[in-house]
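Student: Right, I'll just put the structure down here and ask away after.
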Amino acid sequence: MFISFKGIIPVVHPSSYVHPQACITGNVIIGKDCYIGPGAALRGDWGGIILEAGCNVQENCTIHMFPGYTVRLKEGAHIGHGAIIHGAQIGRNCLVGMNSVIMDRVELGDESIIGALSFIKEGTIIPPRSLVVGNPGKIIKEVSNEMLSWKTRGTALYQALPKEMQQYSEICEPLSELPADRPSQEILYETWQLSK
């Protein structure tokens with residue numbers, strides 16, 4: 001769902017996919033090859049939201065800000081299910097883990113990873129390639145080349161997903177029983193533990 005606010009209409013690059021059950025309001029600019037999942041709310045009513053190319057904002061995420069702030073997700077930013085970004089700047093090729101909360105004026109350095117369920121307090125500046133976990137979030141080590149490669153491969157799946165959703169998804173009625181010829185799904189990726 002797209003909603004204009006005070007005459008400002010969201011802008012979405014045609015290569016991106018926004019699920020019909022997401023809500024995009026006002027001053028939101030979504031670049032190319034971005035994926036926005038169902039239940040995501042991007043509220044550009046009090047400030048702006050900019051997603052650069054190749055970002056994904058997964059199911060049930062919220063992006064908002066205090067009045068006058070602009071939230072920016074730099075190229076390849078990966079926002080996991082249920083995360084909240086409130087008035088923060090997310091660096092290039094970062095991963096924000098599921099159900100994490102990133103508060104106002106946080107600057108997350110490029111290629112950083114925020115662990116699931118982490119809380120990053122207001123005004124925190126995180127250097128590039130930091131691995132951050134906990135509540136409050138603490139840097140526990142530098143992101144290794146191996147970890148960054150794993151993250152980048154996972155984000156590439158989401159960068160391909162908009163085109164696949166546009167090509168293959170359609171609203172349907174469920175089947176009442178499992179058909180004998182049901183197609184199998186391909187294995188595209190492994191968890192961090194299995195990839196090592």
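The values are calculated or read from the model by the stated rules, or taken from the named source; none is laboratory data. Everything numeric in this text was worked out from a predicted model, so none of it was measured. Neighbour counts run over all protein chains shown; Cβ positions are idealised from the backbone, glycine included. All accessible areas refer to the heavy atoms of the entire protein, side chains included, with ligands and DNA or RNA removed. Shrake-Rupley method; radii C 1.70, N 1.55, O 1.52, S 1.80 Å.
Student: How many angstrom lie between the C-alpha centres of segment 33-60 and segment 97-148?
Tutor: Going from one Cα centre to the other spans 19 Å.
Student: Hey, in the GNM for the chain with a 10 angstrom Cα cutoff, which one of 42, 95, 157 fluctuates hardest?
Tutor: Comparing 42, 95, 157 in a Gaussian network model of the chain, the most mobile one is 157.
Student: Stick to the Cα atoms of the chain, pair each with every other, and give me the Kirkwood hydrodynamic radius in Å at one decimal.
Tutor: Answer for the chain: a Kirkwood hydrodynamic radius of 17.2 Å.
Student: Counting only pairs 8 or more residues apart or on different chains, how many lysine pairs in segment 59-196 have their Cα atoms under 23 Å apart?
Tutor: 12
Student: When N is the residue count of segment 75-123, what does its C-alpha Rg come to as a fraction of 2.2 N^0.38 Å?
Tutor: Expressed relative to 2.2 N^0.38 Å, the Cα Rg reads 0.96.
Student: Give me the extension gain from residue 6 to residue 184: residue separation times 0.36 nm, minus the current Cα-Cα distance, reported in nm with one decimal.
Tutor: Result for the pair: 59.4 nm of gain on full extension.
Student: Summarise the accessible area of the chain (1.4 Å probe, protein heavy atoms) by the percent that is carbon and sulfur.
Tutor: The nonpolar share, carbon plus sulfur, comes to 56 percent.
Student: So if the hydrodynamic radius of segment 99-196 is defined as the Kirkwood radius over C-alpha pairs, what does Stokes-Einstein give as its diffusion coefficient at 4 °C and 1.567 mPa s, in µm² per second?
Tutor: Translational D for this selection: 78 µm²/s.
Student: Rank 147, 165, 65, 98 by accessible area, highest first, at a 1.4 Å probe radius?
Tutor: 98, 165, 147, 65
Student: Run through all the Cα pairs of segment 38-133 and give the fraction in each 10 Å bin from 0, expressed as whole percent.
Tutor: For segment 38-133, the pair-distance distribution reads 20, 59, 21, 0.
Student: Could you estimate the translational diffusion coefficient of segment 8-57 from the Stokes-Einstein equation, with Rh from the Kirkwood formula over C-alpha pairs, at 10 °C and 1.306 mPa s, in whole µm²/s?
Tutor: Using the Kirkwood radius from Cα pairs, D works out to 151 µm²/s.
Student: Which FRET efficiency value, to the nearest 0.05, is calculated for residue 29 and residue 107 with the Förster distance at 25 angstrom and r the Cβ-Cβ distance?
Tutor: Computed FRET efficiency for residue 29 and residue 107 comes out at 0.80.
Student: Go through 144, 118 and list them by solvent-accessible area, largest first, probe radius 1.4 Å.
Tutor: Correct descending sequence by accessible area is 144, 118.
Student: Now for a separate question. Where in the chain is the longest stretch that carries no GluC sites (Glu not before Pro) classed as loop by DSSP and with at most 13 other Cβ atoms within 10 Å?
Tutor: That would be 1-121.
Student: Just subtract the alpha-carbon distance of residue 13 and residue 125 from 0.36 nm times their residue separation and send over the number in nm, one decimal.
Tutor: Gain on extension, residue 13 to residue 125, equals 37.3 nm.
Student: Could you sort 181, 45 by their accessible area in this structure, using a 1.4 Å probe and putting the largest first?
Tutor: Largest to smallest exposure gives the sequence 181, 45.
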